[in-house]
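None of the figures in this text is laboratory data; all of them are computed from the coordinates on show. Keep in mind that this is a model prediction, so the values were computed, not measured. Using ideal geometry, Cβ is built from the backbone for each residue, glycine included, and neighbour counts are taken over all protein chains shown.
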Amino acid sequence: MKKEIIRFENISRFYTVGTETVKAMVDVSVSIYENEFVALMGPSGSGKSTMMNILGCLDTATGGRYFLNGTDVSKMTDNELADIRNREIGFIFQTFNLLPRSTALENVMLPLIYAGVPRHKRLEMGKETLGQVQLSDRIAHKPNELSGGQRQRVAIARALVNKPSIVLADEPTGNLDSTTSIEIMGLLEEIHRKGNTIVVVTHEEDIALHAHRIIRMMDGRIDSDKPNSTIKTMKDYSIAAS
């Protein structure tokens, strides 16, 4: 049986807006296992962004318990959450979130600085990870010297460099053209094949079809949670192109 990476036990998240209580998530229970490729979908207001923020330890639940790689993070302090984010979660954002004055290598090494990794080891790990995303020839380039696809590859390398338990991708193709989006999803497929656990948050059905399991949110609850019977891969695009 595969190792459980994430377990939500009756997670709820309520917000107070004036005199009104907004129930962004209500009594959600779900597990995600090692080497799963999961898409989290839902329309605006469905609760998927709230779920993503709790998954990423960027927000805490109002009720319930969250276990990440066997650790109960539900009652952690902000400093403890920051530490576990850096060790256990690799983030890929729609807007890349790269430091504009830093090189690709410096951006990728950033999580290693927070983790206290010595400089010589940071350089080795950073270069190795950039090689994994086919950017060995761009390590000294700054973000404004890179294409959108290359910037997202740098962001993916930064997410992988700490060898996290889970890679959390928030609309990873949202700022990319269709051709580059296909390339980035192909890279995520490759990362998944190497054993990484991936959760992609998206509103695009075409992107979600790359995942092996699709969780759909509605009104703060899980509306459906099913295996994807029509997994899309790079081969499908090759066939379409030919």
Self-check item: Three-way shape call for segment 56-183 based on the alpha-carbon gyration tensor, with the a/c threshold at 1.5
Solution: oblate
Quiz item: Given C-alpha coordinates of segment 4-241, what is the ratio Rg to Rh with the Kirkwood estimate of Rh?
Solution: 0.97
Quiz item: Between residue 212 and residue 83, how many nm apart are label points set 7 Å from Cα along the C-beta direction?
Solution: 3.3 nm
Exercise. Which order do the peptides 212-222, 102-112 take when ranked by the mean count of other beta-carbon atoms within 10 Å per residue, highest first?
Key: 102-112, 212-222
Quiz item: Sorted by average packing, counted as other Cβ atoms within 10 angstrom per residue and highest first, what order do 182-188, 151-157 take?
Solution: 151-157, 182-188
Quiz item: What number, in percent, do you get for the relative contact order of the chain if the mean sequence gap of Cα pairs under 8 Å and at least 6 apart is divided by its residue count?
Solution: 27 percent
Self-check item: Length-normalised contact order of segment 54-140 in % [C-alpha pairs under 8 Å, at least 6 apart]
Solution: 21 percent
Quiz item: What FRET efficiency would be calculated for the residue pair residue 75, residue 205, taking the C-beta separation as r and a Förster radius of 41 Å, to the nearest 0.05?
Solution: 0.65
Practice problem: Go ahead and estimate [θ] at 222 nm for the chain from helices alone: -39,500 (n - 2.57) per DSSP H run with n ≥ 4, summed, over the residue count, rounded to 500. | Solution: -10500 deg cm²/dmol
Quiz item: What distance in nm separates the simple spin-label points at residue 33 and residue 179, each placed 7 Å from Cα in the Cβ direction?
Solution: 4.0 nm
Quiz prompt | Rounded FRET efficiency, nearest 0.05, which uses the C-beta distance separating residue 233 from residue 3 and R0 of 22 Å | solution = 0.35
Self-check item: Proximal lysines relative to residue 226, as straight alpha-carbon distance under 28 Å, when same-chain residues fewer than 8 apart are discounted
Solution: 2, 3, 23, 48, 163, 194, 235
Exercise. Kyte-Doolittle cut-off -0.5, length cut-off 27 Å along the helix's own axis using Cα: show which whole DSSP H helices in the chain pass.
Key: none
